[in-house]
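First comes the structure, then the notes that go with it.
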Amino acid sequence: MNYQTSVSVEEKSKEMKAKKEKKVYDQKPTSAFIGASWAALFIGVISYCIGLWNAEMLLNEKGYYFTILLFGLFSVISVQKSVRDKLENIPVTDIYYSISWFTTVTSIVLLVIGLWNADLLLSEKGFYGMSFLLSLFSAIAVQKNTRDVQFINRSAEDEKQL
């Protein structure tokens, strides 16, 4: 038989909730992963830009593709920031979170539409698509690493002051 009082059950449930709410981020990303993330970002962005520089297309087309790259990078960083802020219980408005996701998807759709209608070889279209996606993914990884390191350093400083 279970002879626990309702008071002790309530206390245990409060303790469980407190344990669940406390999030622990004590795993700093390794320097190898941080370096690989930055390298992938630079490789993706630089190769995309070199491809644009050498492409035989009008200047306004080059501007379109370059703007899509910048738009996409900013969008994925905003999504990652919003997701991380929510995880750390920092207030994020639903409209900002939604707009971040919308602009991320929009940047990818605009690139696909542009490449679909471009007079480029299929290999060139694949090159732009892959370097674009590499850039977006690595921007997310760089942003995540930056936030992880910053959070852990700030937590360590707070513990030292206590």
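The values are calculated or read from the model by the stated rules, or taken from the named source; none is laboratory data. Keep in mind that this is a model prediction, so the values were computed, not measured. Reconstructed Cβ throughout: ideal geometry from the backbone, glycine too, with neighbour counts over all protein chains shown. Quick note on the areas: whole protein, heavy atoms, side chains included, nothing else; ligands and nucleic acids left out. Shrake-Rupley method; radii C 1.70, N 1.55, O 1.52, S 1.80 Å.
Tabulated data
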| item | result |
| --- | --- |
| Considering residues of segment 25-57 that are open to solvent by 100 Å² or more (accessible area, probe 1.4 Å) and outside any helix (DSSP H, G or I) only, the residue modelled with the lowest pLDDT | D26 |
| Check on F132, hydrophobic (A, V, I, L, M, F, W, C), open to solvent by 20 Å² or more (accessible area, probe 1.4 Å) and out of contact with any Cys (no Cβ under 9 Å at 6 or more places or on another chain) | no |
| Failed item in (1) buried (at least 16 other Cβ atoms within 10 Å of the Cβ); (2) in a helix (DSSP H, G or I), with I113 passing the rest | (1) |
| Within segment 117-142, considering residues that are at pLDDT below 95 and polar (S, T, N, Q), the one farthest from V79 (Cα to Cα) | S123 |
| Subset tally (residues that are among the charged types (D, E, K, R) and touching a Gly at 6+ places or on another chain (Cβ under 9 Å)) for segment 39-88 | 1 |
| Single residue of segment 71-101 satisfying the filter (open to solvent by less than 70 Å² (accessible area, probe 1.4 Å) and among the hydroxyl-bearing types (S, T, Y)) that is nearest to I113 (Cα to Cα) | S75 |
| Residues of segment 58-70 that turn out to be in a helix (DSSP H, G or I) and open to solvent by 70 Å² or more (accessible area, probe 1.4 Å), as a count | 6 |
